[in-house]
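Enquirer: My structure is below; once you've seen it, I'll send some questions.
The values are calculated or read from the model by the stated rules, or taken from the named source; none is laboratory data. Please read all numbers here as calculations on a predicted model, not as lab measurements. Don't worry about glycine lacking a Cβ; one is built from the backbone with ideal geometry, like all the others, and counts go over all protein chains shown.
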Amino acid sequence: KCLRLQDPDLLVKSEIFATGVVDFSFVPVVDGAFLTERPEDTMNSGNFKKCKILLGSNRDEGTYFIIYYLTQLFKRDENVYLTREDFVDAVQALSPFTSQVVNEAIIFEYTDWLNPDDPIKNRDAV
């Protein structure tokens with residue numbers, strides 16, 4: 001309730017930034033109402049609904065984390081446009097543990113070959 005009284009701009013400017021691709025700027029909070037135990041404890045105890053298959057899809061699910069990791073390319077308060085070189089650098093930065101062949105495959109797959117230098121399509125591909 002008290003956060004609702006705060007200035008939204010102040011909250012955004014007070015965010016904690018992560019320092020690496022595997023770091024997160026937030027973690028689940030056990031509040032006793034919605035989340036009653038740590039997710040790790042839930043998994044270990046088996047205290048969750050079991051089902052044979054769980055399906056779903058997400059679009060742009062990783063974009064939230066990009067501004068925390070690729071801070072030189074993705075500014076919070078600016079429109080972002082990426083050159084082809086920026087796009088290639090971003091793919092390599094986001095997949096530091098993959099081989100050059102895998103990075104090249106990722107770059108190939110996510111390149112709009114009709115417009116490989118389009119700064120908006122390059123941004124959206126990341």
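Enquirer: If you go through segment 97-116 one residue at a time, do you hit one that is in contact (Cβ under 8 Å) with a residue 24 or more places away in the chain and assigned to a helix (DSSP H, G or I)?
Expert: Scanning segment 97-116, I find no residue that is in contact (Cβ under 8 Å) with a residue 24 or more places away in the chain and assigned to a helix (DSSP H, G or I), so the answer is no.
Enquirer: Turning to a different aspect of this structure: Limited to segment 88-102, what total is found for residues that are closer than 19 Å to G62 by Cα, surrounded by fewer than 17 Cβ atoms within 10 Å (Cβ to Cβ) and not β-branched (V, I, T)?
Expert: Summing the residues that are closer than 19 Å to G62 by Cα, surrounded by fewer than 17 Cβ atoms within 10 Å (Cβ to Cβ) and not β-branched (V, I, T) in segment 88-102 gives 6.
Enquirer: Working carefully through the options Q72, Q92, find the one that is within 29 Å of L10 (Cα to Cα) and not β-branched (V, I, T). Full working, then the answer.
Expert: On the way: Q92 fails: within 29 Å of L10 (Cα to Cα).
From the options Q72, Q92, the qualifying one is Q72.
Enquirer: Another one. Collect the residues in segment 95-123 that are over 30 Å from L10 (Cβ atoms) and of a type in the set (D, E, K, R), keeping them in residue-number order. First the steps, then the outcome.
Expert: The initial filter retains those residues of segment 95-123 that are over 30 Å from L10 (Cβ atoms), namely 95-122.
Residues satisfying the conditions are E104, E109, D112, D117, D118, K121.
Enquirer: Might you check whether a residue that is assigned to a loop (DSSP other than H, G, I, E, B), at pLDDT below 75 and touching a helix residue (DSSP H, G or I) at 6+ places or on another chain (Cβ under 6 Å) occurs anywhere in segment 20-27? Can you show your working first?
Expert: Going through segment 20-27, the residues assigned to a loop (DSSP other than H, G, I, E, B) turn out to be 20-27.
From what's left, at pLDDT below 75: 20-27.
Of the ones still in play, those that are also touching a helix residue (DSSP H, G or I) at 6+ places or on another chain (Cβ under 6 Å) are 21, 25.
Yes.
Enquirer: Assess whether Y68 counts as being surrounded by fewer than 14 Cβ atoms within 10 Å (Cβ to Cβ) and part of a helix (DSSP H, G or I).
Expert: Working: surrounded by fewer than 14 Cβ atoms within 10 Å (Cβ to Cβ): no; part of a helix (DSSP H, G or I): yes.
In short, no.
Enquirer: Right, next: Got at least one residue in segment 43-62 being modelled with pLDDT of 90 or more and part of a helix (DSSP H, G or I)?
Expert: yes
Enquirer: Tally time: how many residues in segment 36-65 are surrounded by fewer than 11 Cβ atoms within 10 Å (Cβ to Cβ) and hydroxyl-bearing (S, T, Y)?
Expert: 2
Enquirer: While we're here: Quickly run through segment 75-96 and pick out the residues that are among the aromatic types (F, W, Y) and without any contact (Cβ under 8 Å) to a residue 40 or more places away in the chain. Give the derivation first.
Expert: So in segment 75-96, the residues among the aromatic types (F, W, Y) come out as 81, 87.
The answer is F87, and nothing else.
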